[in-house]
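The values are calculated or read from the model by the stated rules, or taken from the named source; none is laboratory data. Please read these numbers as outputs of a predicted model, since none were measured by experiment. No Cβ is skipped: glycine too gets one built from the backbone with ideal geometry, and neighbour counts run over all protein chains shown. What goes into the accessible areas is simple: the full protein's heavy atoms, side chains included, and nothing from ligands, DNA or RNA. Shrake-Rupley method; radii C 1.70, N 1.55, O 1.52, S 1.80 Å.
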Amino acid sequence: AVVLVDNRMRTGAAVVAAAAVQAALAAAWWRSTQGPSDYPLLLAQTATLAAATAAACVAAHAHDKNRLARRGLFPGALAALAAAQLAAGLCEMHASFFGPDTAAEPICGPHASARSNFLTASTVVSAGAFLLHATIQPRAVFQRPDAGAAPPPEPCDGDPTEQDGATPLARHADLPAAQLADTPEPAASWAGRVTFSWINFLMRRGARQQLDAGDLYALHRTELPVASWERFQRCRRPGRTLVVTLALTFAPEFLLQAAYSVMASLLSFAGPFFLQRIIRAIEQADGSDANLRTAYLDAFGLLLFTLGQTLAESQKLWVGRIISIRLKGLLVAELSAKTLRRRGKGTWEDDKDAGRDGEGDADGGSGEPAAEAAVD
């Protein structure tokens with residue numbers, strides 16, 4: 001049974017709807033505004049452009065005959081535009097509701113102004129559009145969860161440690177990789193990669209029953225030893241040491257892990273920073289809405305940055321594990337290549353025969369060469 005996993009059309013339609021709603025809100029806000037601010041007009045223009053671009057991309061993807069093999073749905077600039085709209089909305093809300101002179105302004109509701117309601121609604125829609133962009137798969141993935149299902153374990157009467165296949169993984173270790181399900185990691189969205197949600201299906205299945213070798217995912221071609229060995233050969237130069245060659249081979253992975261390490265280290269200071277601000281707000285509490293909103297904002301910042309630190313730490317460890325697996329596969333491939341090159345020059349039996357002939361010559365062998373040397 002082949003299972004197709006592709007959420008691009010459904011999520012793309014939701015992105016178009018979110019962009020259209022945001023454009024309508026921004027247009028209504030711009031028509032009703034009386035101030036000199038150009039933010040509503042700029043938001044209406046960018047939201048209209050995003051809605052038109054998203055609609056065109058979804059229509060082109062729907063009419064593409066080879067859309068399952070097509071990579072991506074929206075251009076990267078569209079996701080960047082959604083992130084910029086969200087950042088602009090959050091900055092505008094911070095300046096409008098969390099300043100010393102605007103702390104008493106209601107954020108939303110019947111007692112809030114039209115500008116406050118429009119700003120809050122557009123920011124919420126921007127956050128929804130950004131999250132939708134984060135959940136779009138880059139391509140479709142075909143899974144075969146039933147093709148590689150391993151047979152149930154056979155009952156054993158004797159000692160299970162003395163019989164072949166004492167564990168399910170050992171019993172089916174020779175299962176062909178072609179019968180395993182394709183790993184959904186390369187086709188997962190960037191939010192799925194960060195949160196590791198692409199492995200949820202395997203976790204749910206493992207919670208219901210014991211996992212077998214046929215339940216596991218096949219390795220992606222980039223994780224195979226041959227792929228790492230080919231990268232190693234491209235970085236190999238005469239006179240270059242092994243350490244330098246390995247560092248150049250895995251330079252992208254090392255840089256990515258270093259970036260995650262720096263991010264996690266910086267975010268580790270967010271906890272004491274926000275805790276200090278919360279304690280200061282509690283000590284200086286005078287019953288005003290300014291201190292209350294500041295405390296809530298600091299609590300939300302503490303939650304957000306702590307979550308970011310956890311995700312950065314997990315990604316750092318994950319990238320390190322990937323480097324370890326690829327490095328081991330590369331070394332195994334290199335040792336195999338060296339062994340094959342040696343076997344190509346001569347068999348081990350030829351080497352042994354040559355060694356025995358050398359020993360016989362040293363001991364005298366037939367005696368004629370040694371006798372001639374003694375006469376000379």
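Table for the structure above
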quantity: Residue tally, condition open to solvent by 80 Å² or more (accessible area, probe 1.4 Å), of a type outside the set (Lys, Arg) and outside any helix (DSSP H, G or I), over region 36-72; calculated: 4
quantity: Leading residue by the ranking (farthest from residue 293 (Cα to Cα)) among those in region 97-126 that are assigned to a helix (DSSP H, G or I) and β-branched (Val, Ile, Thr); calculated: 125
quantity: Which numbered condition residue 210 misses (of (1) in a helix (DSSP H, G or I); (2) over 25 Å from the mean Cα position of the chain (by Cα)); calculated: (1)
quantity: Pairs, first open to solvent by 40 Å² or more (accessible area, probe 1.4 Å) in region 193-218, second of a type in the set (Phe, Trp, Tyr) and modelled with pLDDT of 85 or more, C-beta under 8 Å, six or more apart; calculated: 196/318
